[in-house]
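Enquirer: Okay, here's the structure, questions in a sec.
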Amino acid sequence: MTAAERYRAFARACMGWADRAKTIKHREILLDMATCLVEVAAQLEHQHALLDRFGAIVSKAKRQLSDSEQAAAINGNGRLKEMESQPKEADGVSVAKHERQLPRETSAE
């Protein structure tokens, strides 16, 4: 029995209990629970269907990305790591140069 089937079975039980509830409030609570359980079952089935349909594609894309990152690090003799630690350039001007040109705030004490 799948998780979705278990949720639906519990929803049926809640509906049975709602039929035998002694107060309207208890009946409403049990029917709300049954509704929520059926909705969760539908969401689970939808998510499983998406995983079945796209899971292999996503896994393959993740593997390819990981492989290409590893290849870049290996083939570049560590160059990838060096580039990440340097400031990036914006419009051909180093970010570090801009940072030095910014006025510094002074505290008025």
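Enquirer: All but one of (1) at pLDDT below 95; (2) within 27 Å of residue 1 (Cβ to Cβ); (3) among the β-branched types (Val, Ile, Thr) hold for residue 29, so report the exception by its number.
Expert: It fails just one condition, (1).
Enquirer: Do we find that residue 21 is surrounded by 10 or more Cβ atoms within 10 Å (Cβ to Cβ), at pLDDT 95 or above and part of a loop (DSSP other than H, G, I, E, B) in this structure?
Expert: yes
Enquirer: Just to be sure, is residue 36 touching a helix residue (DSSP H, G or I) at 6+ places or on another chain (Cβ under 6 Å) and either modelled with pLDDT under 80 or on the phi < 0 side of the Ramachandran plot (or both)?
Expert: The answer is no for residue 36.
Enquirer: Six or more apart or on different chains, Cβ under 6 Å: which pairs go from a residue in the stretch 37-53 that's in a helix (DSSP H, G or I) to one that's hydroxyl-bearing (Ser, Thr, Tyr)? Could you list them?
Expert: 37/7; 40/7; 41/7
The values are calculated or read from the model by the stated rules, or taken from the named source; none is laboratory data. Only a predicted model underlies this, so the values are computations on that prediction, with no experimental measurement involved. A quick note on method: Cβ atoms are made from the backbone with ideal geometry, for glycine too, and the neighbour counts reach across all protein chains shown.
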